[in-house]
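Since the structure comes first, as C-alpha coordinates, the remarks are kept for the end.
The values are calculated or read from the model by the stated rules, or taken from the named source; none is laboratory data. All of these numbers come straight from a predicted model, not from anything done at the bench. Glycine also receives a Cβ, built like all others from the backbone with ideal geometry; neighbour counts cover every protein chain displayed. Heavy atoms of the whole protein, side chains included, go into the accessibility calculation; ligands, DNA and RNA do not. Shrake-Rupley method; radii C 1.70, N 1.55, O 1.52, S 1.80 Å.
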Amino acid sequence: VASAPGKVLMTGGYLVLERPNAGIVLSTNARFYGIVKPLHEEVKPESWAWGWADVKLTSPQMARETMYKLSLKNLKLQTVSSRQVLNPFVEHAVEYAIAAAHATFDKDKKDMLHKLLLKGLDITILGCNEFYSYRNQIEARGLPLTPESLASLAPFTSITFNAENSIGENQKPEVAKTGLGSSAAMTTAVVAALLHYLGVVNLSSFSMDQSHGRKDVSDLDIVHVIAQTAHCIAQGKVGSGFDVSSAVYGSQRYVRFSPEVLSSAQNAGMATPLTEVIYDVLKSKWDHERTKFSLPPLMTLLLGEPGSGGSSTPSMVGAVKKWQMSDPQNSLETWRKLSEGNSALEMHFNTLHKLAERNYNVYEHVINACSLLPAEKWLEMANEPSEAEIVKELLRARDVMLGIRYYMRKMGEAAGIPIEPESQTHLLDTTMRLEGVLLAGVPGAGGFDAVFAVTLGASSKNVTKTWSSLNVLAMLVTEDPRGASLEDSDPRAREITAAVSSVQLQ
(Lines give C-alpha, C1' and ligand atoms only; values in the text may rest on other atoms or scores of the structure.)
Protein backbone atom coordinates (compact mmCIF):
# COMPACT_ATOMS: atom_id res chain seq x y z
CA VAL A 1 0.00 0.00 0.00
CA ALA A 2 1.51 3.33 -1.03
CA SER A 3 0.04 6.81 -0.72
CA ALA A 4 0.68 10.21 -2.29
CA PRO A 5 -0.61 13.64 -1.26
CA GLY A 6 -2.77 16.22 -3.01
CA LYS A 7 -1.40 19.74 -3.46
CA VAL A 8 -2.05 23.46 -3.25
CA LEU A 9 -0.04 25.73 -5.55
CA MET A 10 0.28 28.78 -3.32
CA THR A 11 2.32 30.93 -5.74
CA GLY A 12 3.43 30.47 -9.33
CA GLY A 13 0.10 30.03 -11.10
CA TYR A 14 0.75 30.20 -14.90
CA LEU A 15 4.40 31.23 -14.37
CA VAL A 16 5.39 27.71 -13.26
CA LEU A 17 4.62 26.51 -16.81
CA GLU A 18 7.82 28.18 -18.04
CA ARG A 19 11.37 27.74 -16.82
CA PRO A 20 13.03 29.28 -14.82
CA ASN A 21 9.94 30.55 -12.92
CA ALA A 22 9.36 28.90 -9.56
CA GLY A 23 6.16 27.93 -7.79
CA ILE A 24 5.61 27.24 -4.11
CA VAL A 25 3.56 24.08 -3.79
CA LEU A 26 2.32 22.69 -0.48
CA SER A 27 1.43 19.01 -0.15
CA THR A 28 -1.60 18.25 2.00
CA ASN A 29 -2.98 15.63 4.38
CA ALA A 30 -5.43 14.54 1.63
CA ARG A 31 -3.91 11.39 0.18
CA PHE A 32 -4.56 8.92 -2.61
CA TYR A 33 -3.83 5.24 -1.93
CA GLY A 34 -2.70 2.54 -4.33
CA ILE A 35 -3.11 -1.03 -3.05
CA VAL A 36 -1.42 -3.83 -5.02
CA LYS A 37 -1.58 -7.58 -4.37
CA PRO A 38 -1.57 -10.80 -6.41
CA LEU A 39 -4.91 -11.58 -8.09
CA HIS A 40 -4.49 -15.39 -7.97
CA GLU A 41 -2.82 -17.58 -5.36
CA GLU A 42 -1.26 -19.77 -8.03
CA VAL A 43 -0.10 -19.12 -11.58
CA LYS A 44 -2.85 -20.03 -14.04
CA PRO A 45 -1.51 -22.49 -16.66
CA GLU A 46 -3.29 -20.65 -19.51
CA SER A 47 -1.60 -17.38 -18.50
CA TRP A 48 1.76 -19.12 -18.76
CA ALA A 49 0.87 -20.66 -22.14
CA TRP A 50 -0.58 -17.51 -23.70
CA GLY A 51 1.90 -15.07 -22.16
CA TRP A 52 -0.56 -12.69 -20.53
CA ALA A 53 -1.39 -11.65 -16.99
CA ASP A 54 -4.77 -10.73 -15.52
CA VAL A 55 -5.07 -7.21 -14.11
CA LYS A 56 -8.05 -6.10 -12.05
CA LEU A 57 -8.56 -2.42 -11.25
CA THR A 58 -11.08 -1.48 -8.58
CA SER A 59 -12.29 1.97 -7.54
CA PRO A 60 -14.75 1.33 -4.67
CA GLN A 61 -15.75 5.01 -4.35
CA MET A 62 -16.92 5.09 -7.95
CA ALA A 63 -18.32 1.54 -7.78
CA ARG A 64 -16.11 0.58 -10.74
CA GLU A 65 -14.18 -2.55 -11.53
CA THR A 66 -12.29 -3.11 -14.79
CA MET A 67 -10.61 -6.32 -15.95
CA TYR A 68 -7.61 -6.23 -18.27
CA LYS A 69 -5.20 -8.64 -19.84
CA LEU A 70 -1.55 -7.54 -19.87
CA SER A 71 0.59 -8.88 -22.70
CA LEU A 72 3.87 -10.02 -21.18
CA LYS A 73 5.50 -9.54 -24.58
CA ASN A 74 4.73 -5.88 -25.35
CA LEU A 75 3.53 -4.89 -21.82
CA LYS A 76 0.30 -3.35 -23.15
CA LEU A 77 -3.04 -3.60 -21.37
CA GLN A 78 -6.21 -4.69 -23.16
CA THR A 79 -9.66 -4.41 -21.60
CA VAL A 80 -11.53 -7.66 -21.34
CA SER A 81 -14.89 -5.91 -21.62
CA SER A 82 -15.24 -2.77 -23.74
CA ARG A 83 -18.27 -1.40 -21.88
CA GLN A 84 -16.18 -0.21 -18.96
CA VAL A 85 -15.14 3.33 -18.10
CA LEU A 86 -11.38 3.45 -18.56
CA ASN A 87 -8.81 5.24 -16.44
CA PRO A 88 -5.88 6.25 -18.69
CA PHE A 89 -3.85 7.55 -15.72
CA VAL A 90 -3.84 4.19 -13.94
CA GLU A 91 -3.44 2.25 -17.20
CA HIS A 92 -0.28 4.17 -18.11
CA ALA A 93 0.95 3.90 -14.52
CA VAL A 94 0.65 0.08 -14.71
CA GLU A 95 2.29 -0.26 -18.14
CA TYR A 96 5.15 2.11 -17.37
CA ALA A 97 5.90 0.72 -13.89
CA ILE A 98 6.15 -2.81 -15.33
CA ALA A 99 8.28 -1.50 -18.22
CA ALA A 100 10.57 0.19 -15.65
CA ALA A 101 11.10 -3.21 -14.00
CA HIS A 102 11.95 -4.76 -17.38
CA ALA A 103 14.27 -1.87 -18.25
CA THR A 104 16.27 -2.10 -15.01
CA PHE A 105 16.30 -5.82 -14.04
CA ASP A 106 18.94 -8.43 -14.89
CA LYS A 107 18.03 -11.93 -16.17
CA ASP A 108 17.37 -13.53 -12.73
CA LYS A 109 15.22 -10.64 -11.56
CA LYS A 110 13.28 -10.70 -14.84
CA ASP A 111 12.42 -14.38 -14.25
CA MET A 112 11.10 -13.54 -10.78
CA LEU A 113 9.14 -10.59 -12.22
CA HIS A 114 7.60 -12.89 -14.84
CA LYS A 115 6.40 -15.34 -12.15
CA LEU A 116 5.03 -12.48 -10.04
CA LEU A 117 3.10 -11.01 -12.97
CA LEU A 118 1.65 -14.41 -13.93
CA LYS A 119 -0.21 -14.40 -10.60
CA GLY A 120 -2.00 -11.31 -11.86
CA LEU A 121 -2.32 -7.85 -10.33
CA ASP A 122 -5.17 -6.78 -8.10
CA ILE A 123 -5.05 -2.97 -7.88
CA THR A 124 -7.37 -0.83 -5.74
CA ILE A 125 -7.40 2.98 -5.74
CA LEU A 126 -8.85 5.11 -2.95
CA GLY A 127 -8.91 8.88 -2.59
CA CYS A 128 -9.53 10.80 0.63
CA ASN A 129 -12.86 12.64 0.71
CA GLU A 130 -11.04 15.99 0.46
CA PHE A 131 -10.35 15.44 -3.27
CA TYR A 132 -14.06 15.54 -4.06
CA SER A 133 -16.88 17.97 -3.44
CA TYR A 134 -19.51 16.70 -1.02
CA ARG A 135 -21.37 20.02 -0.71
CA ASN A 136 -24.46 18.58 -2.38
CA GLN A 137 -24.61 15.60 -0.02
CA ILE A 138 -24.16 17.87 3.01
CA GLU A 139 -26.85 20.28 1.82
CA ALA A 140 -29.18 17.37 0.95
CA ARG A 141 -28.86 16.10 4.52
CA GLY A 142 -29.77 19.54 5.82
CA LEU A 143 -26.40 19.88 7.56
CA PRO A 144 -24.57 23.22 7.93
CA LEU A 145 -21.60 23.99 5.63
CA THR A 146 -18.97 23.34 8.30
CA PRO A 147 -15.85 21.15 8.60
CA GLU A 148 -17.77 19.16 11.27
CA SER A 149 -20.38 18.20 8.67
CA LEU A 150 -17.61 17.06 6.32
CA ALA A 151 -16.02 15.07 9.15
CA SER A 152 -19.32 13.25 9.71
CA LEU A 153 -19.04 11.57 6.28
CA ALA A 154 -17.56 8.09 6.28
CA PRO A 155 -13.95 7.92 4.98
CA PHE A 156 -13.74 7.15 1.23
CA THR A 157 -17.44 7.98 0.78
CA SER A 158 -18.85 6.98 -2.60
CA ILE A 159 -18.82 9.77 -5.14
CA THR A 160 -21.90 11.08 -6.91
CA PHE A 161 -21.58 11.99 -10.57
CA ASN A 162 -22.91 15.23 -11.98
CA ALA A 163 -26.06 13.97 -13.69
CA GLU A 164 -26.34 16.85 -16.17
CA ASN A 165 -23.05 15.92 -17.82
CA SER A 166 -23.78 12.24 -18.33
CA ILE A 167 -26.70 12.52 -20.76
CA GLY A 168 -24.91 11.94 -24.08
CA GLU A 169 -23.83 8.44 -25.11
CA ASN A 170 -20.11 9.24 -25.22
CA GLN A 171 -19.95 11.82 -22.46
CA LYS A 172 -18.12 10.78 -19.34
CA PRO A 173 -19.95 11.48 -16.10
CA GLU A 174 -18.14 14.32 -14.40
CA VAL A 175 -17.12 14.30 -10.77
CA ALA A 176 -17.07 17.55 -8.81
CA LYS A 177 -13.50 17.95 -7.56
CA THR A 178 -11.84 20.41 -5.19
CA GLY A 179 -8.69 21.11 -7.23
CA LEU A 180 -6.17 19.20 -5.08
CA GLY A 181 -4.65 17.35 -8.05
CA SER A 182 -6.43 13.99 -7.76
CA SER A 183 -5.07 12.56 -11.05
CA ALA A 184 -1.45 13.35 -10.09
CA ALA A 185 -1.85 11.91 -6.57
CA MET A 186 -3.64 8.82 -7.89
CA THR A 187 -1.05 8.18 -10.63
CA THR A 188 1.83 8.63 -8.14
CA ALA A 189 0.24 6.34 -5.51
CA VAL A 190 -0.27 3.54 -8.07
CA VAL A 191 3.24 3.94 -9.53
CA ALA A 192 4.81 3.94 -6.04
CA ALA A 193 2.85 0.87 -4.90
CA LEU A 194 3.64 -1.07 -8.11
CA LEU A 195 7.35 -0.18 -8.24
CA HIS A 196 7.72 -1.26 -4.61
CA TYR A 197 5.64 -4.44 -5.13
CA LEU A 198 7.69 -5.42 -8.20
CA GLY A 199 10.98 -4.71 -6.39
CA VAL A 200 12.15 -1.81 -8.57
CA VAL A 201 12.39 0.50 -5.55
CA ASN A 202 12.30 0.08 -1.79
CA LEU A 203 10.09 2.70 -0.18
CA SER A 204 10.34 1.29 3.36
CA SER A 205 12.41 4.27 4.50
CA PHE A 206 9.73 6.65 3.18
CA SER A 207 6.97 5.36 5.43
CA MET A 208 4.60 7.42 7.55
CA ASP A 209 6.76 8.00 10.61
CA GLN A 210 10.01 8.90 8.88
CA SER A 211 11.29 12.44 9.25
CA HIS A 212 11.93 14.75 6.33
CA GLY A 213 15.69 14.61 6.63
CA ARG A 214 16.65 11.76 4.30
CA LYS A 215 19.63 12.25 2.04
CA ASP A 216 19.19 9.51 -0.57
CA VAL A 217 16.03 9.93 -2.61
CA SER A 218 17.10 7.92 -5.68
CA ASP A 219 14.15 5.51 -5.25
CA LEU A 220 11.75 8.45 -5.12
CA ASP A 221 13.45 9.84 -8.24
CA ILE A 222 12.43 6.68 -10.14
CA VAL A 223 8.85 7.00 -8.83
CA HIS A 224 8.90 10.64 -9.97
CA VAL A 225 10.08 9.91 -13.52
CA ILE A 226 7.57 7.07 -14.07
CA ALA A 227 4.66 8.99 -12.50
CA GLN A 228 5.46 12.20 -14.45
CA THR A 229 5.65 10.23 -17.72
CA ALA A 230 2.42 8.29 -17.09
CA HIS A 231 0.60 11.47 -16.05
CA CYS A 232 1.75 13.54 -19.05
CA ILE A 233 1.02 10.84 -21.63
CA ALA A 234 -2.39 10.11 -20.05
CA GLN A 235 -3.45 13.74 -20.22
CA GLY A 236 -2.09 14.13 -23.73
CA LYS A 237 0.24 17.04 -22.96
CA VAL A 238 3.40 17.83 -21.00
CA GLY A 239 2.27 20.07 -18.15
CA SER A 240 4.53 21.79 -15.65
CA GLY A 241 4.54 18.68 -13.44
CA PHE A 242 4.41 20.50 -10.08
CA ASP A 243 1.44 18.38 -8.96
CA VAL A 244 3.27 15.08 -9.56
CA SER A 245 6.49 16.45 -8.04
CA SER A 246 4.71 17.42 -4.81
CA ALA A 247 2.86 14.06 -4.79
CA VAL A 248 6.29 12.35 -4.85
CA TYR A 249 8.51 14.61 -2.72
CA GLY A 250 6.04 16.71 -0.66
CA SER A 251 5.99 20.49 -0.12
CA GLN A 252 8.62 22.32 -2.17
CA ARG A 253 9.70 25.26 -4.28
CA TYR A 254 9.50 23.89 -7.79
CA VAL A 255 10.95 24.80 -11.20
CA ARG A 256 9.66 22.66 -14.08
CA PHE A 257 11.66 20.17 -16.19
CA SER A 258 12.39 20.81 -19.88
CA PRO A 259 9.57 19.13 -21.84
CA GLU A 260 12.16 17.48 -24.15
CA VAL A 261 12.95 14.86 -21.48
CA LEU A 262 9.66 13.21 -22.44
CA SER A 263 10.15 13.34 -26.22
CA SER A 264 10.92 9.59 -26.49
CA ALA A 265 7.63 8.74 -24.72
CA GLN A 266 5.62 11.29 -26.73
CA ASN A 267 7.04 10.24 -30.09
CA ALA A 268 7.08 6.49 -29.51
CA GLY A 269 5.26 4.70 -32.30
CA MET A 270 3.27 1.50 -31.78
CA ALA A 271 6.30 -0.50 -32.92
CA THR A 272 8.72 0.94 -30.33
CA PRO A 273 9.08 -1.49 -27.41
CA LEU A 274 7.79 0.10 -24.21
CA THR A 275 10.91 -1.02 -22.32
CA GLU A 276 13.06 1.05 -24.67
CA VAL A 277 10.85 4.11 -24.23
CA ILE A 278 10.98 3.87 -20.44
CA TYR A 279 14.71 3.16 -20.45
CA ASP A 280 15.21 6.40 -22.44
CA VAL A 281 12.97 8.39 -20.10
CA LEU A 282 14.79 7.08 -17.01
CA LYS A 283 18.15 7.98 -18.56
CA SER A 284 16.99 11.47 -19.70
CA LYS A 285 18.44 14.55 -18.00
CA TRP A 286 15.59 15.53 -15.70
CA ASP A 287 16.41 19.15 -14.95
CA HIS A 288 13.54 20.16 -12.65
CA GLU A 289 14.57 21.93 -9.47
CA ARG A 290 13.03 21.43 -6.09
CA THR A 291 13.99 23.04 -2.82
CA LYS A 292 12.58 22.00 0.51
CA PHE A 293 9.80 24.32 1.62
CA SER A 294 7.09 24.31 4.28
CA LEU A 295 5.03 26.88 6.13
CA PRO A 296 6.75 28.38 9.19
CA PRO A 297 5.74 26.94 12.61
CA LEU A 298 2.29 27.72 14.09
CA MET A 299 0.84 28.58 10.71
CA THR A 300 -2.13 26.69 9.27
CA LEU A 301 -3.17 26.26 5.66
CA LEU A 302 -6.94 26.49 5.18
CA LEU A 303 -8.85 25.72 2.00
CA GLY A 304 -12.40 26.82 1.26
CA GLU A 305 -14.81 25.59 -1.40
CA PRO A 306 -17.07 28.44 -2.57
CA GLY A 307 -19.37 26.06 -4.43
CA SER A 308 -19.58 28.08 -7.61
CA GLY A 309 -18.92 25.18 -9.92
CA GLY A 310 -15.17 25.09 -10.62
CA SER A 311 -13.11 26.30 -13.58
CA SER A 312 -11.35 24.65 -16.50
CA THR A 313 -7.59 25.11 -16.01
CA PRO A 314 -6.58 24.16 -19.61
CA SER A 315 -8.86 26.79 -21.20
CA MET A 316 -7.63 29.46 -18.74
CA VAL A 317 -4.01 28.59 -19.54
CA GLY A 318 -4.84 28.83 -23.26
CA ALA A 319 -6.28 32.34 -22.78
CA VAL A 320 -3.15 33.51 -20.90
CA LYS A 321 -0.86 32.15 -23.63
CA LYS A 322 -2.92 33.94 -26.29
CA TRP A 323 -2.60 37.23 -24.36
CA GLN A 324 1.19 36.74 -24.02
CA MET A 325 1.50 36.41 -27.78
CA SER A 326 -0.77 39.37 -28.55
CA ASP A 327 0.79 41.76 -25.99
CA PRO A 328 4.37 40.61 -25.32
CA GLN A 329 5.53 43.85 -23.69
CA ASN A 330 2.82 44.21 -21.04
CA SER A 331 2.59 40.48 -20.39
CA LEU A 332 6.35 40.27 -19.80
CA GLU A 333 6.18 43.15 -17.31
CA THR A 334 3.26 41.53 -15.42
CA TRP A 335 5.12 38.20 -15.29
CA ARG A 336 8.26 39.93 -14.03
CA LYS A 337 6.30 41.56 -11.18
CA LEU A 338 4.62 38.26 -10.31
CA SER A 339 7.93 36.41 -10.36
CA GLU A 340 9.49 39.01 -8.04
CA GLY A 341 6.50 38.75 -5.70
CA ASN A 342 6.68 34.95 -5.60
CA SER A 343 10.40 35.06 -4.74
CA ALA A 344 9.82 37.71 -2.07
CA LEU A 345 7.07 35.68 -0.38
CA GLU A 346 9.34 32.64 -0.27
CA MET A 347 12.13 34.78 1.22
CA HIS A 348 9.84 36.15 3.99
CA PHE A 349 8.68 32.64 4.89
CA ASN A 350 12.29 31.43 5.06
CA THR A 351 13.19 34.40 7.31
CA LEU A 352 10.26 33.53 9.61
CA HIS A 353 11.57 29.95 9.81
CA LYS A 354 14.97 31.32 10.89
CA LEU A 355 13.41 33.68 13.46
CA ALA A 356 11.49 30.73 14.92
CA GLU A 357 14.71 28.72 15.16
CA ARG A 358 16.62 31.61 16.74
CA ASN A 359 14.18 32.15 19.61
CA TYR A 360 11.14 29.93 19.56
CA ASN A 361 9.60 31.34 22.75
CA VAL A 362 9.52 34.90 21.39
CA TYR A 363 8.26 33.64 18.02
CA GLU A 364 5.48 31.60 19.67
CA HIS A 365 4.44 34.55 21.85
CA VAL A 366 4.22 36.89 18.81
CA ILE A 367 2.28 34.44 16.64
CA ASN A 368 -0.22 33.71 19.42
CA ALA A 369 -0.68 37.43 20.18
CA CYS A 370 -1.18 38.26 16.47
CA SER A 371 -3.68 35.40 16.13
CA LEU A 372 -6.12 37.40 18.29
CA LEU A 373 -5.79 40.69 16.37
CA PRO A 374 -6.44 42.00 12.85
CA ALA A 375 -3.22 42.75 10.94
CA GLU A 376 -3.32 46.55 11.44
CA LYS A 377 -3.00 46.01 15.21
CA TRP A 378 -0.09 43.55 15.13
CA LEU A 379 2.69 46.11 15.50
CA GLU A 380 1.03 47.63 18.59
CA MET A 381 1.59 44.44 20.61
CA ALA A 382 5.31 44.21 19.81
CA ASN A 383 7.11 45.57 22.90
CA GLU A 384 10.63 44.31 22.17
CA PRO A 385 12.81 44.75 19.05
CA SER A 386 12.90 40.94 18.65
CA GLU A 387 9.07 40.88 18.62
CA ALA A 388 8.83 43.80 16.19
CA GLU A 389 11.23 42.02 13.82
CA ILE A 390 8.86 39.03 13.58
CA VAL A 391 5.76 41.22 13.15
CA LYS A 392 7.42 43.26 10.38
CA GLU A 393 8.32 40.06 8.55
CA LEU A 394 4.68 38.87 8.82
CA LEU A 395 3.43 42.22 7.47
CA ARG A 396 5.93 42.12 4.59
CA ALA A 397 4.73 38.64 3.60
CA ARG A 398 1.16 39.94 3.73
CA ASP A 399 1.92 42.97 1.55
CA VAL A 400 3.73 40.80 -0.99
CA MET A 401 0.66 38.54 -1.23
CA LEU A 402 -1.57 41.57 -1.87
CA GLY A 403 0.81 42.52 -4.71
CA ILE A 404 0.69 38.99 -6.16
CA ARG A 405 -3.11 39.09 -6.08
CA TYR A 406 -3.12 42.50 -7.81
CA TYR A 407 -0.99 41.26 -10.71
CA MET A 408 -2.93 37.98 -10.98
CA ARG A 409 -6.15 40.02 -11.32
CA LYS A 410 -4.47 42.29 -13.88
CA MET A 411 -3.36 39.26 -15.90
CA GLY A 412 -6.90 37.83 -15.76
CA GLU A 413 -8.45 41.08 -16.96
CA ALA A 414 -5.95 41.39 -19.82
CA ALA A 415 -6.48 37.75 -20.88
CA GLY A 416 -10.26 38.00 -20.46
CA ILE A 417 -10.53 35.23 -17.87
CA PRO A 418 -11.59 35.24 -14.19
CA ILE A 419 -8.28 34.38 -12.43
CA GLU A 420 -9.50 36.13 -9.30
CA PRO A 421 -13.23 36.66 -10.00
CA GLU A 422 -15.01 39.52 -8.24
CA SER A 423 -16.82 37.12 -5.90
CA GLN A 424 -13.47 35.63 -4.85
CA THR A 425 -11.93 39.12 -4.39
CA HIS A 426 -14.71 40.05 -1.98
CA LEU A 427 -14.29 36.77 -0.10
CA LEU A 428 -10.48 37.06 0.10
CA ASP A 429 -10.59 40.71 1.26
CA THR A 430 -13.11 39.77 3.98
CA THR A 431 -10.88 36.85 5.01
CA MET A 432 -7.72 39.00 5.21
CA ARG A 433 -9.50 41.45 7.53
CA LEU A 434 -10.15 38.71 10.12
CA GLU A 435 -8.05 38.33 13.29
CA GLY A 436 -4.97 36.18 12.85
CA VAL A 437 -5.15 35.86 9.05
CA LEU A 438 -1.72 36.29 7.47
CA LEU A 439 -2.76 36.00 3.82
CA ALA A 440 -5.37 34.61 1.45
CA GLY A 441 -5.52 33.94 -2.27
CA VAL A 442 -6.73 31.74 -5.11
CA PRO A 443 -4.47 28.69 -5.59
CA GLY A 444 -3.00 27.50 -8.88
CA ALA A 445 -4.67 28.88 -11.99
CA GLY A 446 -7.36 30.60 -9.92
CA GLY A 447 -10.98 30.76 -11.00
CA PHE A 448 -13.90 29.52 -8.95
CA ASP A 449 -12.41 26.24 -7.64
CA ALA A 450 -11.17 27.14 -4.19
CA VAL A 451 -9.62 29.80 -1.98
CA PHE A 452 -6.83 29.38 0.54
CA ALA A 453 -5.79 31.23 3.67
CA VAL A 454 -2.76 30.97 5.95
CA THR A 455 -3.70 31.63 9.56
CA LEU A 456 -1.66 32.19 12.72
CA GLY A 457 -1.95 30.18 15.95
CA ALA A 458 -5.47 29.04 16.74
CA SER A 459 -7.26 31.63 14.60
CA SER A 460 -8.47 29.24 11.90
CA LYS A 461 -11.72 28.65 13.83
CA ASN A 462 -12.78 32.31 13.16
CA VAL A 463 -12.13 31.83 9.46
CA THR A 464 -14.14 28.62 9.12
CA LYS A 465 -17.08 30.29 10.95
CA THR A 466 -16.96 33.37 8.72
CA TRP A 467 -16.63 31.24 5.58
CA SER A 468 -19.60 29.14 6.64
CA SER A 469 -21.74 32.30 6.99
CA LEU A 470 -20.65 33.31 3.46
CA ASN A 471 -21.67 29.91 2.02
CA VAL A 472 -18.04 28.75 1.75
CA LEU A 473 -17.25 25.26 3.00
CA ALA A 474 -13.93 25.05 4.86
CA MET A 475 -12.32 21.76 3.83
CA LEU A 476 -10.55 19.33 6.17
CA VAL A 477 -7.24 19.99 4.46
CA THR A 478 -4.02 21.12 6.11
CA GLU A 479 -0.41 21.17 4.97
CA ASP A 480 1.51 17.93 5.42
CA PRO A 481 5.01 18.25 3.94
CA ARG A 482 5.45 14.48 3.32
CA GLY A 483 5.46 13.08 -0.18
CA ALA A 484 4.86 9.52 -1.38
CA SER A 485 5.00 6.97 1.45
CA LEU A 486 4.68 3.26 2.00
CA GLU A 487 1.76 2.51 4.32
CA ASP A 488 1.65 -0.39 6.75
CA SER A 489 -1.98 -1.35 6.02
CA ASP A 490 -5.09 -0.74 3.95
CA PRO A 491 -6.38 2.71 5.02
CA ARG A 492 -9.93 1.33 5.26
CA ALA A 493 -8.78 -1.12 7.95
CA ARG A 494 -7.18 1.77 9.87
CA GLU A 495 -10.45 3.71 9.81
CA ILE A 496 -12.38 0.71 11.17
CA THR A 497 -9.81 0.22 13.96
CA ALA A 498 -9.97 3.93 14.85
CA ALA A 499 -13.77 3.85 14.95
CA VAL A 500 -13.79 0.76 17.19
CA SER A 501 -11.29 2.23 19.64
CA SER A 502 -13.19 5.55 19.82
CA VAL A 503 -16.40 3.63 20.63
CA GLN A 504 -14.51 1.71 23.35
CA LEU A 505 -13.19 4.99 24.78
CA GLN A 506 -16.70 6.43 24.91
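Could you give every pair whose Cβ atoms fall below 7 Å, whose first residue belongs to the range 1-18 and is in contact (Cβ under 8 Å) with a residue 24 or more places away in the chain and open to solvent by 10 Å² or more (accessible area, probe 1.4 Å), and whose second residue is in a loop (DSSP other than H, G, I, E, B) and acidic (Asp, Glu), counting only separations of at least 6 or pairs across chains?
Close Cβ pairs satisfying both conditions: VAL1/GLU487; VAL1/ASP490.
Test SER459 against the stated conditions and say whether it is of a type in the set (Gly, Ala, Ser) and surrounded by 16 or more Cβ atoms within 10 Å (Cβ to Cβ). Give the steps one after another, and end with the answer.
Numbers: of a type in the set (Gly, Ala, Ser): yes; surrounded by 16 or more Cβ atoms within 10 Å (Cβ to Cβ): yes.
In short, yes.
The conditions are (1) more than 24 Å from ALA268 (Cβ to Cβ); (2) crowded, with 18+ Cβ neighbours inside 10 Å, and ALA63 fails exactly one of them. Which is it?
Failed condition: (2).
Could you list all residues from the range 251-297 that are assigned to a helix (DSSP H, G or I), among the acidic types (Asp, Glu) and surrounded by fewer than 17 Cβ atoms within 10 Å (Cβ to Cβ)? Steps first, answer last, please.
Of all residues in the range 251-297, those assigned to a helix (DSSP H, G or I) come to 259-267, 274-283.
Subsequent filtering for residues that are among the acidic types (Asp, Glu) retains 260, 276, 280.
Residues satisfying the conditions are GLU260, GLU276.
Filter the range 317-332 down to the residues that are within 20 Å of GLY446 (Cα to Cα) and of a type outside the set (Gly, Ala, Ser) and list them by number.
Within the range 317-332, VAL317, VAL320, LYS321, LYS322, TRP323, GLN324, LEU332 meet the criteria.
Output the residues belonging to the range 38-62 that are in a helix (DSSP H, G or I) and either touching a helix residue (DSSP H, G or I) at 6+ places or on another chain (Cβ under 9 Å) or not acidic (Asp, Glu) (or both).
Keep residues of the range 38-62 that are in a helix (DSSP H, G or I), which gives 45-50, 60-62.
Of everything in the range 38-62, those that are in a helix (DSSP H, G or I) and either touching a helix residue (DSSP H, G or I) at 6+ places or on another chain (Cβ under 9 Å) or not acidic (Asp, Glu) (or both) turn out to be PRO45, SER47, TRP48, ALA49, TRP50, PRO60, GLN61, MET62.
Conditions: (1) among the acidic types (Asp, Glu); (2) at pLDDT 95 or above; (3) open to solvent by 60 Å² or more (accessible area, probe 1.4 Å). GLU91 meets all but one. Number of the miss?
All conditions pass for GLU91, except number (3).
For the subset of the range 419-453 comprising residues that are assigned to a loop (DSSP other than H, G, I, E, B) and acidic (Asp, Glu), which member is most open to solvent (accessible area, probe 1.4 Å)?
The residue in question is GLU435.
What is the residue count in the range 220-250 for residues that are closer than 20 Å to SER294 by Cβ, in a helix (DSSP H, G or I) and not aromatic (Phe, Trp, Tyr)?
Counting residues in the range 220-250 that are closer than 20 Å to SER294 by Cβ, in a helix (DSSP H, G or I) and not aromatic (Phe, Trp, Tyr) gives 8.
Out of LYS56, LYS119, LYS115, I need the residue that is touching a strand residue (DSSP E or B) at 6+ places or on another chain (Cβ under 6 Å), farther than 30 Å from PHE349 by Cα and open to solvent by 60 Å² or more (accessible area, probe 1.4 Å). Which one?
When all the criteria are applied, what remains is LYS119.
Among the listed residues LYS177, LYS172, identify the single one that is modelled with pLDDT under 95, open to solvent by 10 Å² or more (accessible area, probe 1.4 Å) and more than 22 Å from ARG492 (Cβ to Cβ). Quick ask: steps written out before the conclusion?
On the way: LYS177 fails: more than 22 Å from ARG492 (Cβ to Cβ).
Answer to the selection: LYS172.
Find all pairs meeting these conditions: Cβ atoms under 8 angstrom apart; at least six residues apart or on different chains; first residue within the range 342-361 and surrounded by fewer than 14 Cβ atoms within 10 Å (Cβ to Cβ); second residue not in a helix (DSSP H, G or I).
Going by the 8 Å Cβ cut-off, the qualifying pairs are TYR360/PRO297.
Only one of these is buried (at least 19 other Cβ atoms within 10 Å of the Cβ) and outside the structural domain of SER251 (by the TED database): GLY412, GLY403, GLY416. Name it.
When all the criteria are applied, what remains is GLY412.
Quick check on this structure: which one of SER371, SER468 is in contact with a Ser or Thr (Cβ under 7 Å, 6 or more places away or on another chain), open to solvent by less than 60 Å² (accessible area, probe 1.4 Å) and farther than 26 Å from PHE293 by Cβ?
Within the list SER371, SER468, the selection yields SER468.
For the range 122-152, give me the residue count where each residue is among the aliphatic types (A, V, I, L, M), within 24 Å of the chain's Cα centre (by Cα) and surrounded by fewer than 17 Cβ atoms within 10 Å (Cβ to Cβ).
So the answer is 1.
Among the residues of the range 362-394 satisfying the criterion of being within 35 Å of the chain's Cα centre (by Cα), without any contact (Cβ under 8 Å) to a residue 24 or more places away in the chain and part of a helix (DSSP H, G or I), which is nearest to SER459 (Cα to Cα)?
Ranking the qualifying residues of the range 362-394, first place goes to ALA369.
Do we find a residue being closer than 30 Å to TYR254 by Cβ and outside the structural domain of VAL320 (by the TED database) anywhere in the range 39-51?
no
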